[in-house]
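The numbers here are math on the coordinates, done by the rules we state, and not lab data. This one's a predicted model, so the numbers in the text were calculated from it and none came from an experiment. Heads up, the Cβs are rebuilt from the backbone with ideal geometry, glycines too, and the neighbour counts pull from every protein chain shown.
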Amino acid sequence: MLTFLSIFSTPHLKRLEKRLHKEMAIHVDFLLPPLLFILIIVSSGGRQAECARVFTIINDCKEMIWPAVTPGENFHGGGFALKPGQSIVFNAPVGWSGRIWGRSGCKFNKNGNGTCQTGACGTSLECKASGATPATLAEFTLAQLDFYDVSLVDGFNLPMSVTPINGKGNCSVAGCDGDLRTTCPSELAMKSNGKVVGCRSACDVFNTDEYCCRGVYGNPRICQPTYYSKKFKEACPTAYSYAYDDPTSIFTCSGTDYVITFCTSRKQPVCTYHNNKLVCSESNANGFKSVIGRRWHVLLTIVLMVTLWIIS
């Protein structure tokens with residue numbers, strides 16, 4: 001089951017914060033529709049297995065994007081559209097290992113067939129294979145100890161961050177929130193109608209052993225950062241810039257949920273649901289998180305009281 005959520009995107013969270021700061025003297029008839037919506041989400045979340053990882057994917061870009069996932073059996077078949085400000089929630093079992101990326105500039109017909117400027121996985125809305133380069137990739141291996149990273153080894157097409165929430169361990173935010181399309185070296189730039197829509201990797205463009213870390217360069221001692229990988233690393237310090245960029249690019253966490261956000265700062269607070277509770281990241285949350293903590297339970301209490309009154 002999948003659920004679209006607009007309240008998790010940053011602009012909506014800020015509006016929610018302002019609303020929660022107001023006095024609680026609000027008419028029940030005004031609160032009822034959004035609160036019942038929240039109740040539906042919370043009740044549906046309670047039926048999910050506790051060992052599953054909750055994935056919340058948010059589009060904070062100014063244009064529509066088409067996220068893709070492989071393997072995608074637990075993610076709406078591996079492909080879907082997200083409008084600006086829209087979010088979607090999935091559950092993936094422990095043992096899942098895969099990648100998530102965004103596609104841009106797509107046009108699909110009613111049968112789910114079409115094309116994309118970047119990240120295309122053939123001509124299908126639902127992806128069964130990896131996307132075309134260049135594409136910013138989020139990679140996951142879910143186990144007792146999860147491994148995750150954001151990679152620019154296949155180039156860059158959209159800013160992306162991965163925020164673990166409610167986990168134990170390192171649990172750092174991974175990603176690339178800088179927009180390499182604006183600073184991409186001209187020889188790596190991928191253009192459409194004169195506009196830079198992606199930044200290709202040096203391996204993809206020049207196809208040499210040095211840039212692709214293969215042949216005699218196929219080990220971390222010989223394959224070192226290049227001019228181009230350093231440019232990527234400057235813009236995205238917590239993302240893979242080349243094949244052996246492990247120490248500052250791969251992260252671990254246990255028992256965590258993940259929020260994948262396109263086109264936003266890695267420091268922006270994000271939220272997800274875990275065991276019927278709204279849980280938010282701590283980065284720059286400060287007073288906001290405390291407001292959620294105090295007022296959210298009050299709102300849920302109102303929801304339950306109203307619901308019981310309706311069905312009684």
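I'd like the antiparallel share, as a percent to the nearest 5, of DSSP beta bridges with both residues in the range 137-282. Before the final figure, lay out each step's value.
Values: 29 of 30 bridges.
Bridges in the range 137-282 that DSSP calls antiparallel: roughly 95 percent.
Summarising the amide proton neighbourhood of Val259: residues at separation of 5 or more, or on other chains, whose placed amide H is nearer than 5 Å comprise Thr56, Thr163, Ile165. In order along the range 52-66, phi translates into HN-Hα couplings of 6, 9, 8, 10, 10, 10, 10, 9, 9, 6, 7, 10, 5, 10, 10 Hz, rounded to whole numbers, per the Karplus curve 6.51 cos²θ - 1.76 cosθ + 1.60 with θ = phi - 60° and x for Gly and Pro.
With 10 angstrom as the radius, rank Lys230, Lys62 by how many other C-beta atoms surround their C-beta, starting from the fewest. List each step's numbers first, then the result.
On the way: Lys230 12, Lys62 8.
Listing Lys230, Lys62 from fewest to most nearby Cβ atoms yields Lys62, Lys230.
In order along the range 210-215, the phi-based Karplus estimate (6.51 cos²θ - 1.76 cosθ + 1.60, θ = phi - 60°) of 3J(HN,Hα) comes to 4, 7, 9, 6, 9, x Hz; Gly and Pro are listed as x. Amide H to amide H distances under 5 Å link Thr70 with Arg99, where only residues 5 or more positions off or on other chains count and H is placed in the peptide plane.
In plain terms, the residue of Thr238, Thr141 with the fewest other Cβ atoms within 10 Å comes first and the most crowded comes last, giving Thr141, Thr238.
Test of understanding: what is the full-extension gain from Asn207 to Ile222, defined as 0.36 nm times their sequence separation minus their Cα-Cα distance?
Working: separation 15, 0.36 × 15 = 5.40 nm, distance 1.69 nm.
Fully extending the segment from Asn207 to Ile222 adds 3.7 nm.
For the range 41-190: lysine pairs with Cα atoms under 23 Å, gap of 8 or more or different chains, count?
Working: Lys62/Lys83; Lys62/Lys107; Lys83/Lys107; Lys83/Lys110; Lys83/Lys128; Lys107/Lys128; Lys110/Lys128.
Number of lysine pairs found: 7.
When each of Asp209, Asp149 is scored by the number of other beta-carbon atoms lying within 10 Å, the sequence from fewest to most is Asp209, Asp149. Taking amide H atoms as placed 1.01 Å from N in the peptide plane, the amide H of Asp146 lies under 5 Å from those of Cys253, Ser254, Gly255, each 5 or more residues away in sequence or on another chain.
At R0 = 22 Å, how high is the FRET efficiency between Lys128 and His76 if r is their beta carbon distance? Nearest 0.05 is fine. Intermediate results must be reported in sequence, preceding the final value.
Working: r = 13 Å, r/R0 = 0.59.
The computed FRET efficiency comes out at 0.95.
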